[in-house]
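Student: Right, I'll just put the structure down here and ask away after.
The values are calculated or read from the model by the stated rules, or taken from the named source; none is laboratory data. These numbers come from a predicted model, not from an experiment. A quick note on method: Cβ atoms are made from the backbone with ideal geometry, for glycine too, and the neighbour counts reach across all protein chains shown. Ligands, DNA and RNA are stripped out before the accessible areas are found, and what is left, the full protein with its side chains, is counted by its heavy atoms. Shrake-Rupley method; radii C 1.70, N 1.55, O 1.52, S 1.80 Å.
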Amino acid sequence: MCSHYQTLKDAEYLLKKFGVQPPARPYSYDMRPGFDGLFVRRPDGRAGREAVVGHWGLARRGTRVSPKVSTFNARSDRLESARTFQEAWQAGQRCIIPADAIFEPDWRQKYQISTRFTRSDGAPLGLAGLWDIAVDAGGDPMETYTMITVNADDHALFKLYHGLKDEKRMVVLLPDDAHDAWLDADPSQAMAMLRGAPAQAWTATPMPVGNATNLSLF
């Protein structure tokens, strides 16, 4: 799963790569679950794209957002069956999450080392996601979104990360020329697009040892 990423702040890249202007509402750069981040979707009933600020952690339409629910990631194999995600999935509420980088833990040594993943060509990431409109504690509408992940047990790069005994998961990096196809896809078309980008598409950079989490493997 991905529980830490850095969203895209560069206005020029947002326009050039995703076709949107930055929203007026502020959003976080160093993203953790429950923070307000940026996603791109189709405007309601209209063509084109819009940039939206929302809570990272999807809640179903009309339900109240809860910080205790871990819905910042959506497993691809649960999109059609999990109550939290199935309505947004079937309704075509797909989005693109612009990002500079994601982070995953490396447990191949005594300490957990945070590793920063970027595109090997230096371009921003466009990650597959879902969105929905929930309500906040006061009962007002609240945009929410989640990042879709796929199994990475056999992936040449991402199989090396997360806990040694954990299932390996990775985000879905959409090809630049597939953004519109993702936003417009029906459920069967979208499911076929959910696959991990090859190892050569990524650059993995370990963070300084001072950022390591001091937890023994044993």
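Student: Under 5 Å between amide hydrogens, which residues at least 5 positions from T149 or on another chain qualify, with H placed 1.01 Å from N in the peptide plane?
Tutor: A74, R75, S76
Student: Another question about this same structure. Along the Cα→Cβ direction, 7 angstrom out, place labels at Q109 and A185. What is the inter-label distance in nm?
Tutor: Once both label points are built, they end up 3.7 nm from each other.
Student: Mind giving me the FRET efficiency for E167 and R61? R0 is 25 Å, r the Cβ-Cβ distance, nearest 0.05 is fine. Display every interim value, and only then the final one.
Tutor: Numbers: r = 29 Å, r/R0 = 1.17.
Computed FRET efficiency for E167 and R61 comes out at 0.30.
Student: A further question on this structure: Could you give the length gained by full extension between A82 and Q200, i.e. 0.36 nm per residue of separation minus their alpha carbon distance, to one decimal place? Numbers along the way, then the final one.
Tutor: On the way: separation 118, 0.36 × 118 = 42.48 nm, distance 3.23 nm.
Difference between extended and current length: 39.3 nm.
Student: So, one more: Between rounded, prolate and oblate, where does the range 1-118 land on the alpha carbon gyration tensor, with a ≥ b ≥ c its root eigenvalues, rounded for a/c under 1.5, else prolate if a/b exceeds b/c? Working shown, then result.
Tutor: Numbers: a/c = 1.88, a/b = 1.15, b/c = 1.63.
Judged from the Cα gyration tensor, the range 1-118 comes out oblate (a/c at least 1.5, b/c at or above a/b).
Student: Now a separate question. What number in nm² do you get for the range 95-218 if you take the convex hull of its Cα atoms and divide its surface by four? Mind showing how you got there, number by number?
Tutor: Values: hull surface 40.6 nm².
That works out to 10.2 nm².
Student: In what sequence, largest accessible area first, do L174, L15 appear using a 1.4 Å probe? Write out the running numbers ahead of the final one.
Tutor: On the way: L174 5, L15 90 Å².
Sorted by accessible area, descending: L15, L174.
Student: Probe of 1.4 angstrom, ligands and nucleic acids ignored: what's the accessible area per residue over the range 4-195, in square angstrom? Kindly include the intermediate steps, with their values, before the conclusion.
Tutor: Values: 8830 Å² over 192 residues.
Per residue, the range 4-195 has an accessible area of 46 Å².
Student: Pull out the extension gain between A11 and A24, defined as 0.36 nm times the separation in residues minus the alpha carbon to alpha carbon distance; nm, one decimal. Write down the numbers at each step before the final one.
Tutor: Values: separation 13, 0.36 × 13 = 4.68 nm, distance 1.18 nm.
Extending this stretch completely gives an extra 3.5 nm.
Student: Taking the alpha-carbon set of the chain, what are its Rg and Dmax in Å?
Tutor: 16.8, 55
Student: Right, something else. Check the range 4-195 and count each lysine pair with an alpha-carbon distance under 25 angstrom, considering only pairs eight or more places apart or from different chains.
Tutor: On the way: K9/K17; K68/K165; K68/K168; K110/K159; K110/K165; K110/K168; K159/K168.
Final tally of qualifying lysine pairs is 7.
Student: Let me ask something else about it. Using modelled amide H (1.01 Å from N, peptide plane; none on Pro or chain starts), what sits under 5 Å from the amide H of H155, excluding residues fewer than 5 places away?
Tutor: none
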